[in-house]
Amino acid sequence: MWLACVCLLLASTARAQPTPETARFRSLTDADGLSQLSALAVAQDRDGFLWIGTQVGLNRYDGATFRTFIRQRGKPDSISEHYISALLSDADGSLWVGTLNGLNHFDPKTESFTSFLPRADDAHSLPHQKINALLRDRAGSLWIASDGGLSRYRPATHDFETFVDGLADRRVQTLTLDDAAGLYVGTAAGLLHQDAASHAFAPVLAAGEHAGALRGVPSSTTSTDRPARARVSAPLRPAAPPPTTTTSYSSLRMPGRVAPPAPA
């Protein structure tokens, strides 16, 4: 009898513990007010608003309702494009928004956008209008990956410094920090590492059995006239992200709103 009671207790405890197989998700769709179903980028700002970038507008969710920001012709302080490709929230409460037609900075106080677009014959404008990724490094610099290279925002002059020397393909697709102060840069021709001091790019090679696993990077080279290559141990270990607190959907901190109840 005692053994049977223990077995029943263990079985009921096991059923009570959520597992990846039994975890439930609640979807937010156009029926809830989302402007379009393709959620391409997500960020939560300092005030708790959840931002979702779609192919048809930038959505701000307060836990109950959506507000959508789209391009408005004749209104220069609206977003430059409604196809959102990247989002980055800043410590001051503002939001950086990458689109297929330029970079935007959203000011929550005025609820207006400042747009940054390529300009002919201006070496310090963005090199391309298609923005693919955004990253702020440990020194506070804002990096922008576009189809024209890797750019760093210069807040004092509100323009950009772009790095393309050493890029076999200027279409920079993604960015992440290394475990020091440099960047890993994913391009259409392979993975590169940018040195924090010199800003030089070096193709990344995996070691051992993983050599040559990175697309577009030869597995080995002995020629002295090739650029230096960053060699990493296998598997490649990117920098650990800053510590964050994982919250459930129902416990998102929304400003002055009541979050929706957790799904039954």
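Summary of computed values
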quantity: Sites R136 and A31, calculated FRET efficiency, Cβ-Cβ separation with R0 35 Å, nearest 0.05; calculated: 0.55
quantity: Relative contact order (%) - region 111-187, alpha-carbon pairs under 8 angstrom, separation at least six; calculated: 23 percent
quantity: FRET efficiency, A180 to D47 (Cβ-Cβ, R0 25 Å, nearest 0.05); calculated: 0.20
quantity: Separation of alpha-carbon centers, region 149-184 and region 42-92, rounded to whole Å; calculated: 23 Å
quantity: Trypsin sites (Lys or Arg not before Pro) restricted to DSSP loop in region 58-121 with at most 16 other C-beta within 10 Å; calculated: R73, K109, R119
quantity: When the convex hull of its Cα atoms is projected in every direction, mean area for region 87-211 (nm²); calculated: 8.5 nm²
quantity: A123 versus Q72: modelled label distance in nm, points set 7 Å from Cα along the beta carbon direction; calculated: 3.9 nm
quantity: Stretchable slack from D90 to A64, in nm (0.36 nm times residue separation minus alpha-carbon distance); calculated: 7.0 nm
quantity: Inter-label distance for V164 and R152, nm, one decimal - labels placed 7 Å from Cα along Cα-to-Cβ; calculated: 1.8 nm
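None of the figures in this text is laboratory data; all of them are computed from the coordinates on show. These numbers come from a predicted model, not from an experiment. Cβ atoms come from the backbone with ideal geometry, glycine included; neighbour counts cover every protein chain shown.
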